[in-house]
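Asks: One structure coming up, written as structure tokens, with questions to follow.
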Amino acid sequence: VLETIENVPNQFALHENYPNPFNPITTINYDLPQQTHVNLMIYDILGREVVELVNKEMSAGYQTIIWNGKDNIGVQVSAGIYFYHMQTKNFINTKKMIYLK
């Protein structure tokens, strides 16, 4: 007998952030079908790291993180295009977002 666990996605996914464009915050949702180490980073248009949002082992399920538009040292970023990049052992995806002032 296979037991199914409620509210666990059947595949990895990184969803579009909302709102997009955003100011002052945006929400990023992602799906984890199994427990895994998750690394979720924000990069600027030149590929420089802006902030590390997630870098930890996470349980399976539907996950949400809110980015406040600040970098690793707490400084508000400038308006422009940013990329959020999620990486696990079995999944890599990058999406674009726009921050408006």
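Here, each number is a calculation from the coordinates, and none is a lab measurement. Keep in mind it's a predicted model, so treat the numbers as computed, not measured. Cβ atoms come from the backbone with ideal geometry, glycine included; neighbour counts cover every protein chain shown.
Asks: Give me a comma-separated list of calculated 3J(HN,Hα) values for region 35-48, in order, Karplus coefficients 6.51, -1.76, 1.60 applied at θ = phi - 60°, integers in Hz, x for any Gly or Pro.
Replies: Couplings: 5, 6, 7, 10, 10, 10, 10, 10, 10, 8, 4, 8, x, 7 Hz.
Asks: Kirkwood Rh over alpha-carbon pairs of the chain, then Stokes-Einstein at 4 °C and 1.567 mPa s: what D in µm² s⁻¹, rounded to an integer?
Replies: After rounding, the answer is 91 µm²/s.
Asks: Compute the relative contact order of region 1-99 as a whole-number percentage, counting only Cα pairs closer than 8 Å that sit 6 or more residues apart in sequence.
Replies: Details: 219 pairs, mean separation 29.0, N = 99.
29 percent.
Asks: What spacing in nm lies between the two simple spin-label points modelled at Glu57 and Leu100, each 7 Å away from Cα in the Cβ direction?
Replies: For Glu57 paired with Leu100, the spin-label model returns 4.3 nm.
Asks: Place a +1 charge on the Cβ of each Lys and Arg in the chain and a -1 charge on the Cβ of each Asp and Glu, then give the dipole magnitude about the Cα centre in debye, rounded to the nearest 20.
Replies: 340
Asks: Go ahead and collect, in residue order, the members of region 75-96 whose backbone nitrogen is under 17 Å from a label point 7 Å along the Cα-Cβ direction of His37.
Replies: Of the residues in region 75-96, 86-93 have backbone N under 17 Å from the label point off His37.
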